[in-house]
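J.: One structure, as structure tokens, below. Some questions next.
What follows is calculated from the coordinates using simple rules that are stated; it is not laboratory data. Quantities reported herein were computed from a predicted structural model and do not represent experimental measurements. A quick note on method: Cβ atoms are made from the backbone with ideal geometry, for glycine too, and the neighbour counts reach across all protein chains shown.
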Amino acid sequence: MDRVNELRRTLTRREDFDTVPIKAPRVYKEINEVFDADTYFVTAIGLYQIWGGQHQKAYKPRHYQICGQAGPLGWEIPAAIGVKKALKNTEPDAEVVGIVGDYGFQYMVEELAVAAQYDVPYVIIMINNEYLGLIRQASLPYEMNYQVDIHYDEFGTDNVKIMEAYGCSGRRVADPNEIRDALEWARKEAKATSRPVLVEIMIEREANTPHGPAIDAVKEFEPLPGA
């Protein structure tokens, strides 16, 4: 068991990518370093949930909650409301963070109005690749890439403006060096406004999670600089 624990500690996945577009593992590196062990996270289903399972650190029971693999896109926005309200009496100052994809975000986006109306603050971190990413990756063995691309104009849907339409706020990030400042801003803004706050992070468009026979295409294990 000691050997297993040692391997888990030393054979970590690479996360220190500084390229533009942003690579998803870098996002989770920043999440792990900005939020502490007392933070409550919710996430649903998509490539971002797989990345979360591979990169995100969780320290305490019930502090990292997923939808149960039933595929309910958009679960994070109302789930974050539920977690925050459930902690009202026991941990009123607890931070709640929902990690979402760009497509799932729009499924239950109207619940932002509920959070705004009832003053429910939390942070939303969007991993945006402008794709139905899980469907696109699952189609790779069949050489298909059909009707899963939701990119248009420069960045597609302006999700920051969607937040503003619900009386909330948000920022878009396209440089990995700006992620941490945006997350810190969101934490303060959520507390100051008592409403949800979005950090929309634009990652590389055709990003894959490392699993199964397609792992070589991910290039997750590139050598470190100077290695």
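J.: Please report the spacing between the Cα centers of segment 51-113 and segment 1-29 in Å, no decimals.
T.: One Cα centre to the other: 23 Å.
J.: If you don't mind, another one. Counting only DSSP beta bridges with both residues in segment 17-204, what percent are antiparallel, rounded to the nearest 5? Let's see the in-between values first.
T.: Details: 1 of 25 bridges.
Around 5 percent of the beta bridges assigned by DSSP in segment 17-204 are antiparallel ones.
J.: In terms of modelled amide H atoms, which long-range or inter-chain residues lie less than 5 Å from the amide H of GLY170?
T.: LEU198
J.: Right, something else. What is the pair-distance distribution P(r) of the chain, computed from all Cα-Cα distances in 5 Å bins starting at 0, with each bin given as a whole percent?
T.: For the chain, the pair-distance distribution reads 1, 6, 14, 19, 20, 17, 11, 7, 3, 1, 0.
J.: Counting Lys and Arg as +1 and Asp and Glu as -1, each charge on the Cβ, what is the dipole of the chain about the Cα centre in debye, to the nearest 20?
T.: Numbers: 25 positive and 35 negative charges, 156 e Å.
Dipole of the chain, to the nearest 20 debye: 740 debye.
J.: How much length, in nm to one decimal, is gained on full extension between ALA192 and PHE155, taken as 0.36 nm per residue of separation minus their Cα-Cα distance? Mind dumping the intermediate values first?
T.: On the way: separation 37, 0.36 × 37 = 13.32 nm, distance 2.85 nm.
Stretched fully, the ALA192-PHE155 segment lengthens by 10.5 nm.
J.: Out of segment 1-91, which trypsin sites (Lys or Arg not before Pro) are coil in DSSP terms and have no more than 15 other C-beta atoms within 10 Å?
T.: Values: sites: ARG3, ARG8, ARG9, ARG13, ARG14, LYS23, ARG26, LYS29, LYS57, ARG62, LYS84, LYS85, LYS88; in loops: ARG13, ARG14, LYS23, LYS57, ARG62, LYS88.
Filter output for segment 1-91: ARG13, LYS57, ARG62, LYS88.
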